[in-house]
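Worksheet for the structure shown next.
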Amino acid sequence: MGGTSRPEVNEPANLILLCGSGTTGCHGAVEANRTLAVENGLLLPAGAVPEEVPVRLFKDGRMRLVLLDNDGDWSEVA
Ligand SMILES: [Zn+2]
């Protein structure tokens, strides 16, 4: 696993729960398909502001494009 001393990496807008490990489940799929993961907001390029990067996810019965905030909430992108 990687490590960092940057405190903002643990802010809610920068966190999403994925099943598996770096080689299994959804976490493994993200690591194995990093370009696609960046396109879908599941992996952020260095310097990206998490609150400004839309995340594509399946929530409440359908695919949504959402922004995460540091209160642990989300809002749908129009
Ligand atoms: Zn999964």
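Just so you know, all these numbers are worked out from the coordinates, no wet-lab data involved. Keep in mind that this is a model prediction, so the values were computed, not measured. Positions of Cβ are generated from backbone atoms using ideal geometry, with glycine treated the same way; all protein chains shown enter the neighbour counts.
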- Query: Which value in Å is the Kirkwood Rh of segment 1-44 over different Cα pairs?
  - Reply: 11.2
- With x for Gly and Pro, the residue-by-residue ³J(HN,Hα) of segment 51-60, computed from phi through the Karplus equation 6.51 cos²θ - 1.76 cosθ + 1.60 at θ = phi - 60° and given in whole Hz, is 5, 9, 9, x, 10, 8, 8, 8, 9, 6
- Message: Explain nothing, just the number: dipole magnitude of the chain about its Cα centre with +1 on each Lys and Arg Cβ and -1 on each Asp and Glu Cβ, in debye rounded to the nearest 20.
- Response: 360
- Which value at 222 nm does the chain reach when only helices count, each DSSP H run of 4 or more adding -39,500 (n - 2.57), with the total divided by all residues and rounded to the nearest 500 deg cm²/dmol? -4500 deg cm²/dmol
- Query: For the pair M63 and E31, how long in nm is the line joining their label points, each one 7 Å along Cα→Cβ?
  - Reply: 2.6
- Item | At R0 = 22 Å, FRET efficiency that the Cβ-Cβ distance of L18 and W74 yields, to 0.05 | 0.90
- Query: Taking +1 at the Cβ of each Lys and Arg and -1 at the Cβ of each Asp and Glu, which of N10, F58, A46 sits farthest along the dipole of the chain towards its positive end, judged by Cα position relative to the Cα centre?
  - Reply: F58
- Item | Cα Rg, Dmax (largest Cα-Cα span) when computed across the chain, Å | 12.5, 37
- Note on the structure: Net charge (Lys, Arg +1; Asp, Glu -1) of residues whose beta-carbon lies under 14 Å from that of L43, L43 excluded, is 0
